[in-house]
1. Taking K and R as +1 and D and E as -1, what net charge do the other residues with C-beta under 15 Å from the C-beta of VAL14 add up to?
2. Using the alpha-carbon atoms, what tilt in degrees (0 to 90, nearest 10) does helix 3-16 show relative to the longest principal axis of the chain?
3. Helix 19-46 versus the longest principal axis of the chain: what angle, 0 to 90°, nearest 10, using Cα atoms?
4. Considering every pair of different Cα atoms, what Kirkwood radius, in Å, is found for the chain?
5. List the aspartates and glutamates whose alpha-carbon lies under 16 Å from that of LYS35, not counting same-chain residues fewer than 8 positions away?
6. At what distance in nm do the modelled label points of GLN2 and PHE66 sit from each other, each positioned 7 Å from its Cα along Cα→Cβ?
7. Place +1 on the Cβ of every Lys and Arg and -1 on the Cβ of every Asp and Glu in segment 1-44, take the dipole about the Cα centre, and give the residue among ALA29, ILE10, LEU42 whose Cα lies farthest towards its positive end.
8. If R0 is 30 Å, what FRET efficiency do you get for LEU13 and THR49 from their C-beta distance, rounded to 0.05?
Amino acid sequence: MQQINLKQRILELVEILSENKLNVLVHFANYLKEKEELEEILKLQTSSTGYKEWLSAENDIYDEVFSDEIQ
């Protein structure tokens with residue numbers, strides 16, 4: 001469906017839904033919006049230089065910390 005048709009369909013549904021169902025629709029729309037925002041934030045964080053450096057092999061301290069258990 002085209003975007004205009006989708007918006008028109010949503011407007012039509014809003015007109016006929018009960019208050020309870022509209023409340024559910026609003027909560028679901030907010031969930032989708034927040035999820036999208038959080039995904040964008042996570043993408044920005046995980047693509048940052050600091051995060052990549054933190055995960056790099058140079059910062060892998062576990063071999064040193066657990067060297068006695070590795071042997």
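Values in this text are rule-based calculations from the coordinates and carry no lab data. Only a predicted model underlies this, so the values are computations on that prediction, with no experimental measurement involved. FYI the Cβ positions are ideal-geometry reconstructions off the backbone, even for glycines, and counts take in every protein chain you see.
1. Details: positive: LYS7, ARG9, LYS21; negative: GLU12, GLU15, GLU19.
Summing Lys/Arg as +1 and Asp/Glu as -1 gives 0.
2. 60 degrees
3. Roughly 30 degrees between the two axes.
4. Every distinct Cα pair counted, the radius reaches 16.8 Å.
5. none
6. 5.9 nm
7. With unit charges placed on the Cβ atoms, the residue in question is ILE10.
8. For R0 = 30 Å, the calculated efficiency reads 0.10.
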